[in-house]
Structure formats: C-alpha cells, structure tokens
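The values are calculated or read from the model by the stated rules, or taken from the named source; none is laboratory data. Values in this document were obtained by computation on a predicted structure and should not be read as measured data. Every residue, glycine among them, receives a Cβ derived from its backbone with ideal geometry; neighbour counts consider all protein chains shown.
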Amino acid sequence: MVKNGCKMSSSAITKIQTIFITAIMIVAAVAGASWYYLSTSTSQNRVKLTFWSMDTDTASMNSFNTIARSFEASYPVNITVVPVDWGVAQTKVLAAVQAGNPPDVSVAGMGWALLYMKMGALVDLDQVVQDIGGTSQFLSPSMLYENQWNGHMWGITYVSYPNILLYRKDWLATKNLTVPTTWAEFENVCQALTGNGRYAYAQPVADMNGHKAIWCWMMTDNATIFDKDNNVAFDTARTVETFDWLSNIMKNYSPPGIASYGFSEDDLAFKNGQVGIIWGYGEMLTDYAKNFPNLMPNVGVMDFPMKTQLGGQIGNENLVAFNTSDPERIKYSRMFIEFILKPENIVGTYLKNGVLEAAFPSLKSLSTSSEYSTLTAASPWNSTINYIATQIMPHETTMSMAFQGNLYAGQIEGNGILQKVMEHILVDDWTAQKAVTDGQDIFKTLVASG
Amino acid sequence: MKNLVKGTRKDWVNLGLLLTLPMIIWIGFVMIYPVIYNVWLSINNVRLITPGGGFVGFDNFVKLLVNTEFRTSFLNDFVWTSGSVFSEVPIGLGIALLLNTKTKFRRLFRTLIILPWLTPAYATVFTWKIMFMPLYGFFNYVLKIVGLIKTDIVWLATTTPINLVMLSCIIVNVWRGLPFTIVILLAGLQSINPDMYEVAEVDGASVFQEFRYITLPALKTMIAVVIILKTVWYFNYFDIVWLMTRGGPGMATEILPIEVYITAFYNFQLSQAAAISVTMFLVLAIFAVAYFRLTSKGD
C-alpha cells in the first residue's frame, strides 16, 4: 500500500511539473513577443529609428553615433546606429525591404538609391535638397546622376571617395621618368619599371573594387556602358580598345595572378615593393604613413593617364530614407539626413574623425565652410587634398554613369560584369572583342529582365 | 490525488503530442514551408525588385535547359563534388588504416585530425589563400626549393590547360572534410573482428590480400554511406568556394549553390533561382533514396 502510495505521488508530481513547465514556456513566449512588439514601436513618446551604416570602421561609427546623440538631444527620437559591411549590405537591405522591415535611414553605395527606388522602397528627399540649397550645391554631376530620377531626389551624397593612382616616386626617379599623363607614356613607364622581380602596375580585378578600377580606365577613353539615350552601348570600338590595352598592361607589367587580385592583394604588393603603381584611394596614404613610415616619403599621387579625355571613377556615398509607412518615422528620417549634412556634423565630426585625404565633402556649402578650411589647413595632407579636389575629382564619374543616371548601377556592381569581362581576357584568353561582346549581351539581359 | 493519476496510456500519448506540438509547428514552419514555397516560386515568375509574377508552369525549368550558365555550373558542381568525394574517401581510408594500427601517440594523432573540422570556414580559406598566393605563397616557395617549378604557379587564376582554381578549392575542401571521413571509417575498422586477420595471417595472406578480402568487404557499406552523404553535402556546399573565389575567375568555379545565390540576390530572379534549387533537390533525391535503401539493408 505504501509502495503504491509512493508510486501514485511521484506520477502526480510529474504531471504537475509538466503542466507547470508548459505554462512557464507559454508565458515566456508571450512575454518575448510583447517585448519585441513594444521595443519596435513608439514608446515613451520617442520615435525609434534605425540607421544602417556601411562605414563600419571605428572612427565612422563613433562619428555617426555622436551625430545621432546630438540629434536625439533636440528631437524626441531614439536612433540605433547599426554597422553593416559593404560586402553584404545590398543583399541585407533588399532582404529587409522584402521582409517589410527596412531600416529608416541607410548609407547607400553608387547607384543603390535608384535600385531601391525601383522597388518602391524609398521616400524622396526633395525637401531636404531644397533645404540644403538645391541641386546646384552638389559638387559633381555624378551626385545627381545616381540619386535623381523622374524629377525627384531619392538619395543625397554626403561624402565622395575619388579614385587615384599611387606610385613610387623613387622608382620613377631612378629611371629618370616623369609622371605619365597619356596611355602611351604610361605604357613606357610600365615597360621601364618592370623587371628584376618588380612589376609596374597592379589593380583589383576579383573583388568589388575591380569594376571601379576598370571604369576609371574606360572613362579615359570615353568608353561607356550606356549611351546618352540610356541604351546599352558597351560593345564599341572604344570599349574594346580600353579592355585590349588594359589587359595587355596587366599581362605584361602586372604580377602573375593579377586576375585573382582584390584590393588587399593590390595594396600588399605595393607595400612589399613588388609593384610601382597601384589603383587606390587617399586613405591608403594614412595607412602607409602610420604603418609603413619608410615607404611614405616615396609615395606620390597621380591622375589616370588619358587616351582621349581625362577620366576616373568617384565613389559617392549616399544617404537614403526608407518608406516605413510610419509618417513620424519618415519625417524624422528626413530631418536626420538633413542634420547629418550640417557643416558641424559632416565636417566637424565625420570628416574630422575620418580620413581627409580620402573622403571629400559633397556640397559646395561644405567644401567652402570655415570648418572644412580649418581642418584641411591643419592637415599634413593639405597639398594632396587640394590636388585631388582640384585636379582629379572634377572629371571623375560614378561607375556606369558617364552621361546620366541609370537604374542598373547597383546590379552591375553586384554582378561584377566588368570584372567578368576582364577575367575572360586574362584567364580564358578571350580576345577583347569577344569578351566585350559577351559583356554587352549580359548588360542587355540585365536591362531586359528589369 | 485519485483524479490526477486517472489516465490511460492514450492520455499520456495525447499529453506528449500536446507538449511537442510547438516544436512540430516550428519545424514545419522552418523546414517544410520553405521547401513548399520554393517549389511555388519555381513555377511562378517572381522578381525581387520589379513587380511581376503569375503562374508560368515549367517555363523556368525549360529556360535552364538552354541556359549555358546553368550547364556550366552543373558541370562545375559535378567536378567539384566528385573531385572532393573521390579524393577524400581513399585518403581518409588510408589515414584511418594508419590510425587503426598500434603506434605510439595514436591517441594524440586521433585528436589532432579533428582540428580541420573545428576550424571555421573563413579562417581556413584565409590561410589557404595566402598559401596559394603566387608571389608569397607557401606552395610555390616549397615547389621552387625542391626544383619542381621555376616560375610561380598562379593557383587561383589558371584555368587552362588544367583548372587549377577548381583544384585549389577541392584541396581546401578535402582538407576540411577529411576528419569526418576518417572518424567514420576508423569506427568501421575497429568493428572488424581481429580474429579474421589472425586466421588470414596463418593461411599466408599478404597485407594487400587481407585488405582486399577482409577489410574492404567489411567496410563496403560504410564507404558507400560516406560517399552518398558527402556527395549530398558537397553538391550543396557554398561557403568554401564562395570564400575562395566567389565562383570566379569568370565561371571557372561557379557551382550550382553559387549560381542560386547570384541569380537570387545579384540578378534578383527569385523564381529562376528557385528552379535551380528544385533541380538540385531532385538530383540529390536520387542519392537520398540510395542512402535510405543502403541503411535499411543494414537493419
């Protein structure tokens, strides 16, 4: 009996325990769902915004957080700044938009604003542009090309990163060479610098910087992807000429395996003294000055040598506001973008904490502001900054946008089409004509598929 | 108290079902629903960035048949999978045989072989890519020292006459996948009755004959299971090739999982990507049936 009594007790207790645990799990699930709902909605009368930044370095994140806190001090808003790596940013934003949960404000790469606009994901920034002084404020037409469509502004450029060539001054001096300004001169310099385990030129091909480097050279021969009427016009004599010439430079004067080079391999080859001229950005100068002080005195900056015109590629970073269907969030998103563009924020915080010789202000009001003049005057890179701003930036364009904007720049970048064309020539031994014709077909398919 | 213990076996079964219902719903949501949705996508026309849609039947599958990129990716995937599997199994068997012998530090070696399995994919690829570099890489350095080459081999950019890029990816994959193969085959070796080898030795059998007539037949089923599982896994494998080459240069290493990713997230053609993945599913279903038949035979 006692034995039976014990058995009955333990089984009853087991049942009670089971019911109790189940009840706790249900309560926890409900509490979690409620917390999530409450945390994403307006609470305590403060609007919650998320800002996705592809500038994930410490200085940029600190700058954006400082600007966000400053904005929060003036408005009933809580802003969460989220770092999102460039390499996965476009995919993550698209997935977030499809899931109905986009950020409120985000950094956008070249042409990404029009890609998001095509999806109906953005709200226009016409009023913000008006408030900052109108479209005449933009320092480069490229800033309009990649953000303006059907008379509306869908993004605003906040900084620009001009592409440059870095070179070894000592190598040129040893061979009594001057800085080349034409393709023919560049080829002569490459020929003179290559040999004894050294190579003249390197650029990225395999990673997402590859299309920027290729576009730089295309622009120096007026080779485009879209013509003035926005029709695909990639397969032209000039494009074939550019790819033919550039691939010969890389086959003869670049390190073996150049087709597999990304930005880091390009940079490493220069630092290791293997290569004399590389494609890059101004921020590499800061890296060399800090980490390779012996190299720095021998590093110079030059423009891209021309064939028919001055050219190059400028990387604009833009701000966009997403259509979250919440009027309050949209209102403060636009206000936050305008706030970022104030001189004391973009110049006084972001550029001040950043790399002045790489990132350049986008608006006339910013570049002529006293804050910017003071910063650049005090910078050890003052002459380099002036050279890039006055001699290189003015003739650079955003990738694929030589004459006007197009809706495909984001996809062209993501698909790596220009890199694929070059890889076919370098790796598969295709002729330039065959590779360019193949590239033309890919562009046409891209446009036809919407 | 009497009411609490009143309950038949059926009541307990119902309680068990009730308690597991949340997990069943979750599994259905996370595993079964995406498969069904994927099939639905493949027979419609859905693009990520532009409006459109509607039932298109088998159009997406027909497009695949005439799509040269799909054919190239399929062939690449076949080379990648068969190259990885049929390198890994013999090497794994060889190492398992060595680890099965009574040697000093056997336990240490058995622990060390797990290391590639534990290393994250990114760290693995990062290290191997440095070793493959033409100018500063370890492999070219060693090959030059021993006199096998005079000029640097460009491992990650040579596709003719041999696709060294694909070979490099396979080498990395085999290195990473070997531990699993070794562990499975070693377990199989240890289940063979050692008396059989003693009898064979008494009968005058050579080492090779023992391997051929005792070891291999005993491991036959296990080897087949490893081949089938690895084939299914590697046919679907994304991370090693993506991290190594992103499917390049050109299309030299673009395997089907990478093509699905590019089609969906770079070309924004969701339905086309779904059609590719349904095709992959059907191909792998054949291997799944073979696996179930093999394992149920063992039962």
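A few points about this structure:
- Residues considered: B:170, B:162. Of these, the only one that is within 25 Å of the chain's Cα centre (by Cα) and loosely packed, with under 14 Cβ neighbours inside 10 Å is B:162.
- Residue list for the stretch A:86-112, restricted to those being away from chain B (no Cβ under 13 Å) and at negative phi: A:86, A:101, A:102, A:103, A:104, A:105, A:106, A:107, A:108, A:109, A:110
- Members of the stretch A:5-36 that are at pLDDT below 60 and more than 10 Å from every other protein chain (Cβ to nearest Cβ): A:6
- Hits in the stretch A:201-238 (condition: over 23 Å from the mean Cα position of the chain (by Cα), surrounded by fewer than 24 Cβ atoms within 10 Å (Cβ to Cβ) and not in a loop (DSSP other than H, G, I, E, B)): A:232, A:237, A:238
- Reported count of residues in the stretch A:231-275, each being in contact with a Phe, Trp or Tyr (Cβ under 8 Å, 6 or more places away or on another chain), more than 12 Å from chain B (Cβ to nearest Cβ) and touching a residue at least 12 places away in the same chain (Cβ under 8 Å), is 8.
- In the stretch A:173-183, the residues that are without any contact (Cβ under 8 Å) to a residue 40 or more places away in the chain, in a helix (DSSP H, G or I) and not hydroxyl-bearing (Ser, Thr, Tyr): A:173
- Among the residues of the stretch A:421-437, none qualifies, meaning not one is touching a strand residue (DSSP E or B) at 6+ places or on another chain (Cβ under 8 Å) and within 9 Å of chain B (Cβ to nearest Cβ).
- Residue check for residue B:5: aliphatic (A, V, I, L, M), assigned to a loop (DSSP other than H, G, I, E, B) and either at pLDDT 85 or above or not assigned by TED's automatic domain parsing to the domain that holds residue B:269 (or both): yes
- Here the condition is being surrounded by 12 or more Cβ atoms within 10 Å (Cβ to Cβ), among the small types (Gly, Ala, Ser) and under 25 Å from residue A:449 (Cα atoms); of B:83, B:53, it holds for B:53 alone.
- Qualifying helices (runs of 4 or more DSSP H) (wholly inside the stretch A:343-450; at least 3 residues being in contact with a Gly (Cβ under 6 Å, 6 or more places away or on another chain)): A:417-426
- Against the criterion of being polar (S, T, N, Q), modelled with pLDDT under 95, surrounded by 10 or more Cβ atoms within 10 Å (Cβ to Cβ) and outside any helix (DSSP H, G or I), residue B:101 does not qualify.
- Selected residue (only one of A:297, A:327 is surrounded by fewer than 18 Cβ atoms within 10 Å (Cβ to Cβ) and under 18 Å from residue A:277 (Cα atoms)): A:297
- Residue check for residue B:252: in the same structural domain as residue B:120 (by TED's automatic domain parsing), among the small types (Gly, Ala, Ser) and farther than 24 Å from residue A:421 by Cβ: no
- All positions within the stretch A:395-411 that are crowded, with 17+ Cβ neighbours inside 10 Å and either closer than 20 Å to residue A:220 by Cα or more than 10 Å from every other protein chain (Cβ to nearest Cβ) (or both): A:395, A:396, A:397, A:398, A:399, A:400, A:401, A:402, A:405, A:406, A:408, A:409
- Residues located in the stretch B:240-263, provided they are within 11 Å of chain A (Cβ to nearest Cβ), buried (at least 23 other Cβ atoms within 10 Å of the Cβ) and assigned to a helix (DSSP H, G or I): B:244, B:245, B:263
- Filter pass, residue B:197 being over 16 Å from the mean Cα position of the chain (by Cα), within 14 Å of chain A (Cβ to nearest Cβ) and assigned to a helix (DSSP H, G or I): no
- Only a single criterion out of (1) surrounded by fewer than 13 Cβ atoms within 10 Å (Cβ to Cβ); (2) basic (Lys, Arg); (3) assigned to a helix (DSSP H, G or I) is not satisfied by residue B:110, namely (1).
- When the stretch A:96-130 is filtered for residues that are of a type in the set (A, V, I, L, M, F, W, C) and surrounded by fewer than 15 Cβ atoms within 10 Å (Cβ to Cβ), only A:99 remains.
- Of B:229, B:219, all but one fail to be away from chain A (no Cβ under 14 Å), over 17 Å from the mean Cα position of the chain (by Cα), of a type in the set (A, V, I, L, M, F, W, C) and in a helix (DSSP H, G or I); the exception is B:219.
- Contacts under 6 angstrom Cβ, first residue in the stretch B:145-170 being within 8 Å of chain A (Cβ to nearest Cβ), partner surrounded by fewer than 20 Cβ atoms within 10 Å (Cβ to Cβ), 6 or more apart: B:152/A:256; B:154/A:256; B:155/B:164; B:158/B:164
- Within the stretch B:113-144, considering residues that are of a type in the set (A, V, I, L, M) and either within 12 Å of another protein chain (Cβ to nearest Cβ) or over 19 Å from the mean Cα position of the chain (by Cα) (or both), the one surrounded by the most Cβ atoms within 10 Å (Cβ to Cβ): B:133
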